[in-house]
Amino acid sequence: MKILVVNPNSTESMTRKIVEAAEAAASPGVTILGATAAGAPPSIEGHFDEAMSLPGLLAQVAAGEEQGVDGIVVACFDDPGIGACRELATGPVLGICEAAVKAASILATSFSVVTTLPRAVPVIEHLIHGYGLSHQCRRVRSAAIPVLALEEEGSDARQKIRAEIQRAVEEDHCEAVVLGCAGMADLTTWLSQETGIPVIDGVSAATRMIEALAGCGLQTSKINAYAHPNRK
Ligand code: 5HY
């Protein structure tokens with residue numbers, strides 16, 4: 001089985017981190033093909049960056065289709081371009097926000113999300129509403145860190161995320177916490193140990209969910225909405 005894991009931003013160090021998390025989650029015999037969106041912004045922080053990431057993201061999805069991948073993970077917590085990716089793809093496609101919050105909804109009756117910048121909060125709230133899980137989401141919080149702070153040696157990003165998770169536990173009375181950025185994937189175990197609450201990373205969750213769906217021989221429906229794009 002081959003699973004394409006695409007980082008829709010253009011920061012290679014984040015792609016490496018994402019691929020490591022996906023490979024750690026995947027079963028033996030599953031090959032993770034990592035990809036970075038060429039020409040995309042170095043980080044996705046809001047609607048404009050998200051739009052600018054789409055051409056590079058979709059080019060990688062098309063290349064993955066050429067390689068015959070069995071499923072695709074879109075490794076950005078904004079879940080950018082999921083519908084368009086599903087139109088191009090044969091196998092299942094899943095964004096890390098959808099994967100993480102749906103996993104959280106099974107593991108707990110309530111969860112909070114900790115993401116990077118305040119401007120990401122309404123984007124994620126809107127996604128969670130669309131996934132029908134607002135009633136289980138206590139709050140979407142921001143650690144007030146730029147996405148690329150997660151790539152800086154010696155930054156205090158991890159401490160800020162830990163502190164925000166601790167506030168979520170104390171104030172939101174949530175039963176689980178979701179990490180709201182692909183770049184946090186390498187912090188999952190440490191954060192859970194430090195805070196004493198289940199912490200869910202969307203890269204790992206999405207990888208295993210795609211593996212499960214593809215393993216059942218399931219593919220994206222081509223009846224109507226996700227049919228291949230019309231030729232013009
Ligand atoms: C992400 N941005 O997962 C999102 C999340 C965020 O470049 N990768 C990004 O923090 O907005």
Which one is surrounded by the most Cβ atoms within 10 Å (Cβ to Cβ), of the residues in region 40-56 that are more than 19 Å from Ser13 (Cβ to Cβ) and among the small types (Gly, Ala, Ser)?
-> Gly46
Would region 142-163 turn up any residue that is more than 15 Å from the ligand (Cβ to nearest atom), at pLDDT 95 or above and within 27 Å of Ala26 (Cα to Cα)?
-> yes
Out of curiosity, is Ala163 open to solvent by less than 20 Å² (accessible area, probe 1.4 Å) and outside the structural domain of Pro41 (by TED's automatic domain parsing)?
-> no
Residue in region 127-140 that is surrounded by the fewest Cβ atoms within 10 Å (Cβ to Cβ), counting only those that are part of a strand (DSSP E or B) and in contact with a Ser or Thr (Cβ under 6 Å, 6 or more places away or on another chain) = Arg139
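One line per residue, one yes/no per condition, for (1) in contact with a Ser or Thr (Cβ under 8 Å, 6 or more places away or on another chain); (2) open to solvent by 30 Å² or more (accessible area, probe 1.4 Å); (3) touching a residue at least 60 places away in the same chain (Cβ under 8 Å); (4) closer than 21 Å to Phe111 by Cα:
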{"position": "Val147", "(1), (2), (3), (4)": "yes, no, yes, no"}
{"position": "Ala214", "(1), (2), (3), (4)": "no, no, yes, no"}
{"position": "Tyr226", "(1), (2), (3), (4)": "yes, yes, yes, no"}
{"position": "Arg231", "(1), (2), (3), (4)": "no, yes, no, no"}
Helices (runs of 4 or more DSSP H) wholly inside region 1-104 containing at least 2 residues that are hydroxyl-bearing (Ser, Thr, Tyr) = 12-25
Among Val61, Val30, Val69, Val5, the single one that is within 15 Å of the ligand (Cβ to nearest atom) and not polar (S, T, N, Q) is Val5
Residues (open to solvent by 10 Å² or more (accessible area, probe 1.4 Å) and among the hydroxyl-bearing types (Ser, Thr, Tyr)) located in region 79-126 = Thr90, Ser105, Thr109
Which ones in region 57-78 are open to solvent by 10 Å² or more (accessible area, probe 1.4 Å) and closer than 19 Å to Ser10 by Cβ?
-> Leu58, Ala59, Gln60, Ala62, Ala63, Cys76, Asp78
Identify the residue in region 166-184 that is open to solvent by less than 10 Å² (accessible area, probe 1.4 Å) and closer than 17 Å to Ala205 by Cα and, among all such residues, is nearest to the ligand (Cβ to nearest atom).
-> Ala182
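The values are calculated or read from the model by the stated rules, or taken from the named source; none is laboratory data. Nothing here was measured: the structure is a model prediction, and the numbers come from that model. A quick note on method: Cβ atoms are made from the backbone with ideal geometry, for glycine too, and the neighbour counts reach across all protein chains shown. These area figures cover heavy atoms from the full protein model, side chains too; ligands, DNA and RNA do not enter into them. Shrake-Rupley method; radii C 1.70, N 1.55, O 1.52, S 1.80 Å.
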